[in-house]
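Each remark here refers to the structure printed beneath this line.
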Amino acid sequence: MTYPKRNWYVIASGDDVGSHPIARTVCGEPIVLFRTTTGVAVAMDDRCPHRGYPLSAGSLCGDEIQCGYHGLRFTQQGTCTWAPGQDRIPSRARVTPRPVAEVGPWVWIWTGDPAAPEFDRLPLIPWFADAGWAHVHGMEFLDARYGLLIDNLLDLSHETFLHGELIGTPEVAESPITTTIDDDLAVVHVSRRMASVECPNFYSGSTGLRSPIDRWQDIEYHAPGYYLLHVRVAPAGSQPDGLRDHPQAAHLKVLYAITPIDDHRTMDFWAVCRDFAIDDSELDTFIARSNRDVVLQDVDALNLIEARLGDTWEPAEVSLKIDSGGLAARRVLTDLIASERPTTTPVSVGSR
Ligand code: FES
Ligand SMILES: [Fe+2]
């Protein structure tokens, strides 16, 4: 196993889950998702217990899912209610339902023991529900292992080179970072505070600020699959006064949910929350398009790296100071995976 499974992962956007079953794979496990007539999102193993046909290739019959091969029907609890040609339903004709939870635009699935979901470990994401914030979101599929995306998000110095037209300026790569780890909570913090720097196109276009600006990037990586970037951009020299910030300061929360599909593929869910111009639908469009462009640049880069890596799990690498966040994340992940192993066999996720 190369990913922790006793965890929550985002499996879909809520608006992708409706009355037509969809198929997703998380941590190597095929899952079918659908929504009942009362609006409840349902996830279960995507395999009919009769002959293994994917339930996602079937259809809904009211609130039950019907296998498209021989017609077995299952409730959202996985109980079979109908079988062709017989009244008695075999007791083993059951499908395992998977715990899910909807938080804002995202549907999370618990990939640990389905009978023991730990709801208190779901991330709190207040900006999705706060009336003072607006958000946009999206998802891209990556043909790359999830560790590459974690490396990418923990080291934002690549913005200067990979995202130069959008969010990268020379100062991002030049500015030092501080990295701390909370081992108890499996959280890595990386902070980069830039003073009196160039305002990149993404922020001039969204906030109206002009160079020079103060630009803060404070990352929280919650292993294994939730990432939060606190962004503050403000006129150069302005400082928050207690809880009050400068009137022209803008705050964004750039969120990623990193979901392993299998050892070599990943779902890259993203959302951008903002506390300014929250009713501006044109700004929604600008931010959504800009962030998607950024994500697609990362997707291209990580797919290229994955193609080079093949089945290699621990390639020879040279690490730099900028990698302190990514290296911390690898260690936290390795510890999480090891904590789920029945033996004390040491494991390493290496670079990926
Ligand atoms: S495989 Fe599903 S009913 Fe036969
Ligand atoms: Fe990036």
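The values are calculated or read from the model by the stated rules, or taken from the named source; none is laboratory data. Worth saying up front: this structure is predicted, and the values here are computed from it rather than measured. Quick reminder, even Gly has a Cβ in these numbers, built from the backbone with ideal geometry, and neighbours come from all protein chains shown.
Key figures
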quantity	calculated
Near pairs, Cβ below 8 angstrom, 6+ apart or cross-chain, from segment 328-341 (closer than 17 Å to Leu148 by Cβ) to any residue that is of a type in the set (Gly, Ala, Ser) and assigned to a helix (DSSP H, G or I)	Arg330/Gly147; Leu333/Gly147
Segment 28-53 - residue that is under 25 Å from Ala144 (Cα atoms) and surrounded by fewer than 20 Cβ atoms within 10 Å (Cβ to Cβ) and, of those, farthest from ligand 2 (Cβ to nearest atom)	Asp45
Flag if Glu140 is surrounded by fewer than 17 Cβ atoms within 10 Å (Cβ to Cβ), of a type outside the set (Gly, Ala, Ser) and under 24 Å from Gly325 (Cα atoms)	yes
Scope segment 309-327; condition more than 13 Å from Thr179 (Cα to Cα) and either touching a residue at least 24 places away in the same chain (Cβ under 8 Å) or hydroxyl-bearing (Ser, Thr, Tyr) (or both); matching residues	Leu309, Thr312, Trp313, Glu314, Pro315, Glu317, Ser319
Pair list, Cβ < 8 Å and 6+ apart or interchain, from segment 291-306 residues that are at positive phi to residues that are modelled with pLDDT of 95 or more and within 16 Å of ligand 1 (Cβ to nearest atom)	none
Strands (runs of 3 or more DSSP E) (entirely within segment 125-204) containing at least 2 residues that are within 15 Å of the chain's Cα centre (by Cα)	134-142
Subset of segment 89-120 [more than 28 Å from Arg51 (Cα to Cα), in contact (Cβ under 8 Å) with a residue 24 or more places away in the chain and loosely packed, with under 14 Cβ neighbours inside 10 Å]	Glu118
Asp311 being loosely packed, with under 14 Cβ neighbours inside 10 Å and not small (Gly, Ala, Ser)	yes
Candidate set from segment 302-340 (those that are small (Gly, Ala, Ser) and in contact with a helix residue (DSSP H, G or I) (Cβ under 8 Å, 6 or more places away or on another chain)); member that is nearest to Pro4 (Cα to Cα)	Ala329
Looking only at segment 1-43, and only at residues there that are among the charged types (D, E, K, R) and under 24 Å from Phe74 (Cα atoms), the one that is farthest from the chain's Cα centre (by Cα)	Arg35
